[in-house]
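Colleague: I have a structure I would like to understand better, so I am pasting it below and will then ask my questions one at a time.
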Amino acid sequence: MLEKPDDYTLPAIELAWSNVRDSKIKRARADAIVLHVADSPALRAGSSRENEEPAVWTWCAHLDWLRDHSLLSALMLLAVGVVAWFWPRAVSAIGRWIALERASDLSSEECSFARLRVAARNGDPEKVYRALLDWAARF
């Protein structure tokens, strides 16, 4: 892309290639070209992309974007509605699942044995006996 006003010269080129059918080397030549680039008043006024202010989005611009992308906007709104509709049920179902898993873990033999080990480390005979009975009941 030529941006500055000036005279530019593209040098002459010569290309050589091998022609398979004729078994000969062929050549093509392009002569030098002189390009004259004129001064652009728009660039002189400082309206190049580098000097432009960033676009400011207004409510009208947002509404225009939504109107231009109405199908995408409708799908996004539908997705938000579906998530909002199912969110409370999903959260309560996940909470119930976590509670069931925790109850299952607490009633397992491994957890009972871990409680027995903790009671044995603490040295209270009554707690050790109860933990031992609880652990033995799992068999």
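Colleague: Which of (i) 17.3; (ii) 26.0; (iii) 15.6 is the computed Kirkwood radius over Cα pairs in Å for the structure on display?
Modeller: (ii)
Colleague: Starting from the Cα of Trp17, step 7 Å along the direction of its Cβ; do the same at Ala79; then give the gap between the two resulting points in nm.
Modeller: Here the answer is 4.8 nm between the modelled labels.
Colleague: Also: Cross-link candidates for Lys26: which aspartates and glutamates have Cα within less than 13 Å, leaving aside residues fewer than 8 places away along the same chain?
Modeller: By straight Cα distance, Lys26 reaches Glu14.
Colleague: If you plug each phi of region 129-139 into the Karplus form 6.51 cos²θ - 1.76 cosθ + 1.60 with θ = phi - 60°, what whole-Hz ³J(HN,Hα) values come out, in order, with x for Gly and Pro?
Modeller: Calculated HN-Hα couplings, in order: 4, 5, 5, 5, 4, 5, 5, 5, 5, 6, 7 Hz.
FYI, it's all coordinate maths here, none of it is from the lab. In this text, all values refer to a predicted model and were calculated from it rather than measured experimentally. Positions of Cβ are backbone-derived with ideal geometry, glycine not excepted, and every protein chain shown enters the neighbour counts.
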